[in-house]
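Inspection log for the structure reproduced underneath, given as C-alpha cells.
Values quoted throughout were computed directly from the atomic coordinates according to the rules given, and no laboratory measurement underlies them. Note that the coordinates shown come from a computational prediction; the quantities given were computed from them, not determined experimentally. Note that we place each Cβ from the backbone using ideal geometry, even for glycine, and neighbour counts take in every protein chain shown.
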C-alpha cells in the first residue's frame, strides 16, 4: 500500500529514525531519476518551495511547481480530480493547502484508484510535518540524540506546534507548551501525543515552560490567513516574546528554534533570533535535508510505498 505523509504520526517512531538517518546521507540513490514531483502551492512559500525543489533535484528528479490559481482546487477542479491528474505524470505529489481535508481527499482518491503515487503535506491548517522532521534533525545534530530532551514551545498552539508535539512524542522528547488562553493546542492533539508515548505539559506561563529546557521554540503570532487578527493576537500574546530574559531561564546549553519567517520584536527579540543560541538557519537548511530523507524513504524500491 502506498504510504503518504499527511502528518508526522503517519510514521512510526522507528520510521522517523530511518528518515532522519537518510536525511544525513548527502548522496542517496537517485530514486527520482528521469521522474518528476508535483509541488502544488495554494499559499506563498519560501523555504518549503526551495527545500522541496532542491531535494527533488538531489534525488535525480525534476520539480514541477504549480500555484493555486493554476489549478483552482475545488473551484476549477475537485481535489480528487487534481490528484488523479497529477498522478498521471508525477512520481509524487507535494501540496501546501489551506484546508487539511484537501490532502486527505487527494490521498484517498489515489488509494481508491490503486495509484502508487504518495501525497506529502507541505503545510496545511492542521500540520507541518516536514518542518517537524527538520526540527528533530536539528536537535539530533546539536545534542547527539533526541530521547530525554525537553523542548519548550512558547506561543500559538497552531499547525507547527501540533506537528512538533507529535514528532517529539515519537522521538522521546518532552514538550512543555506555554500558550495564552484561547490559543492552546487542542485537547485531542495533546491526547494523541500521549497515546504515542509523549510527555506533554501545558501551561500559560512561559517562564515555567522554559525553565531548564534544552530548546525554546516559537512561531509567528499570526499565520498566513490570520492577518486580520494581528492586533488582537498581539494583545493576547503580550508577555510571550522569547527574549534574552526568558532564554536565561532555559538550560545552560539551550538553543533557540523558529520555523521562520520571524518577526523581531514580536514573538522573538532580535538578540535571540540573531544570537549565538539560535539554530534557525540550520533548521532552514535541514528543511532540504529532511525532505530529501523523506522522499528517499517514501520512494526507494522495497521501502515504504516505493515501487519495486
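Here are the numbers:
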{"read-out": "In range of the label at residue 195: residues from region 125-152 whose backbone nitrogen is under 20 Å from the point 7 Å along Cα→Cβ", "value": "125-129"}
{"read-out": "Additional length obtainable on full extension of the chain from residue 111 to residue 99, 0.36 nm per residue less Cα span", "value": "2.4 nm"}
{"read-out": "Peptides ranked, highest mean first, by Cβ atoms within 10 Å: ranges 11-20, 162-171", "value": "162-171, 11-20"}
{"read-out": "Structure-based [θ]222 nm, the chain - -39500 (n - 2.57) summed over DSSP H runs of at least 4, per residue, nearest 500", "value": "-12000 deg cm²/dmol"}
{"read-out": "Computed label-point distance, nm, for sites residue 232 and residue 74 using a 7 Å Cα→Cβ extension", "value": "2.1 nm"}
{"read-out": "Sorted by Cβ neighbour density within 10 Å, fewest at the top, the residues 88, 259", "value": "88, 259"}
{"read-out": "Pair residue 27, residue 253: separation of 7 Å Cα→Cβ label points (nm)", "value": "3.2 nm"}
{"read-out": "FRET E, pair residue 1, residue 142, Förster distance 51 Å, beta-carbon r, rounded to 0.05", "value": "0.90"}
{"read-out": "Residue 244/residue 285 FRET efficiency (R0 22 Å; Cβ-Cβ; nearest 0.05)", "value": "0.35"}
{"read-out": "Ranking of 247, 291 by count of other Cβ atoms within 10 Å, fewest first", "value": "247, 291"}
{"read-out": "Computed over the chain: relative contact order in percent, which uses C-alpha pairs under 8 Å that are six or more apart", "value": "21 percent"}
{"read-out": "Simple label model, 7 Å out from Cα along Cβ direction - residue 50 to residue 12, nm", "value": "3.7 nm"}
{"read-out": "Ellipsoid semi-axes in whole angstrom, largest first, where each is sqrt(5λ) of the Cα gyration tensor of the chain", "value": "32, 21, 17"}
